[in-house]
1. If DNA, RNA and ligands are ignored and the probe is 1.4 Å, what is the ranking of Glu230, Glu88 by accessible area, most exposed first?
2. With θ taken as phi - 60° and the coefficients 6.51, -1.76 and 1.60, list the Karplus ³J(HN,Hα) couplings across region 197-208 in order, rounded to whole Hz; mark glycine and proline as x.
3. Give the relative contact order (percent, whole number) for region 105-228; include only Cα pairs under 8 Å separated by 6+ residues.
4. Among Asp58, Asp266, what's the order by accessible area (1.4 angstrom probe), most exposed first?
5. In region 154-258, carbon and sulfur make up what percent of the accessible area (probe 1.4 Å)?
6. Given labels modelled 7 Å from the Cα in the Cβ direction, how far is it in nm from Glu180 to Asn116?
7. Determine ³J(HN,Hα), in whole Hz, for all residues of region 174-187 in sequence, where each value follows from phi through the Karplus function 6.51 cos²θ - 1.76 cosθ + 1.60 and θ = phi - 60°; x replaces Gly and Pro.
8. I need the shape label for region 124-243. Rule: rounded when a/c is under 1.5, else prolate if a/b > b/c, else oblate, with a, b, c from the alpha carbon gyration tensor.
Amino acid sequence: MGSKFNNQIEINEDKKLTERNLSILHGSYVDTTTYQDDVEKKIILLKHLLEKDPKAADLKWSLFVAACNTYRYDSCLRPFPPMYVKNECKDIEALRRTVELIPPLAVIFRELHEPNVYANYGPAIDLLHWVLIRLRDPYIKSISKENYDSVLRRVPSEMQVAPPNLIFQVVSAKQSTTEEKWKCAGQDYSTFYAFHGSRLENFHSIIHYGLQQNMCKRSLFGKGIYLSSELGVSLPYSPVGYGWGGSVLGSEMSCVALCELINHPDIKKRDSGHNAQSTISNPLSERVPNKYYLVTNSDLVRIRYLLVYSQEYTPTRTHESTGLLEWFRQHKLLTFMLGYVILLASVGLTHNKQVEKYYRLFFQKTGFN
């Protein structure tokens, strides 16, 4: 009896250990192992997310698509969806084909209520689930319009610049190791906020891995991460890029990150008043310009908000923008080529004698002759 009881305890302990390991696996934001979640669970989670915060889901997916479509996908598309890695090679073409077939998220949300949705949209559901659900540290959250000013006031600005159309909060998971590391590094220091501009296709990687000094190409005043206390200084470094044609936020947009920094000596800045903190350690001993910050330790920076500029976005825009017009909007190049073919065909037909004969007969019968 005692042996049976001990065996039962061991089985329960093994079960608890397995569940704990699974929870750690599901909580990881970079999962390179293959996984097979229950289809119903995927559908339920996607429905909940798309109903709760569709704009945030739309932005996260748009940033993923922008990284997917750039020729620099090898560095921008990090993390990369593991289901498109075969024999340790990234099958970017197969991934792009799947992305191309995904309709607007409002359509996906409506189709998720249909019984045969996985049969029709299986690859799309798997990919959307990975991007929007699996990659959940950090997650993106919409904030209300009335709170925009309070967010922008975190960095007092002297320059007059256009405000962003939308602002999203970047929130760390409860057990985020990177957030805990940042908090430990800043225990003896105050913090402040600054802006960072970058190309649209970089933000998928930036959100999940943070700003990395080795990925920054600018080194005018030394190597590191460049930020500014002025939104107007960072905006030119965030040119308008093409995100996703099916986005309700607009297919063309630009993004600026509002970051929280630890006021550490590794951050070089002009207005610190300390020579050691304003001089960069290079042979020229250059000084950081006013309104700039140069961070030489990426662990000192955390992204807190994303400021989104989109010319196409309007708050009253409907989510039901489907049909032929929507298809043309998503396939601009194909639409242009189709129009060009129709134009060539029209020119050719006008010089065809048989067609001219039918034209004359048509005009005679209709009385236009």
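The values are calculated or read from the model by the stated rules, or taken from the named source; none is laboratory data. Note that the structure is a prediction, hence the values are computed from the model and not measured. For neighbour counting, all protein chains shown are included, and Cβ atoms are generated from backbone atoms with ideal geometry for every residue, glycine included. Protein only, heavy atoms only, side chains kept; ligands, DNA and RNA dropped before computing areas. Shrake-Rupley method; radii C 1.70, N 1.55, O 1.52, S 1.80 Å.
1. The most accessible residue leads, giving Glu88, Glu230.
2. Computed from phi, the couplings for region 197-208 are x, 7, 5, 4, 5, 7, 6, 4, 6, 4, 4, 8 Hz.
3. 22 percent
4. Asp266, Asp58
5. Using a 1.4 Å probe with all protein chains present, region 154-258 comes out at 51 percent carbon and sulfur.
6. Placing both labels 7 Å beyond Cα along the Cβ direction yields 4.8 nm.
7. Per residue, the Karplus-derived 3J(HN,Hα) values read 4, 10, 6, 5, 5, 5, 5, 5, 5, 5, 5, 5, x, 4 Hz.
8. Here region 124-243 falls in the rounded category.
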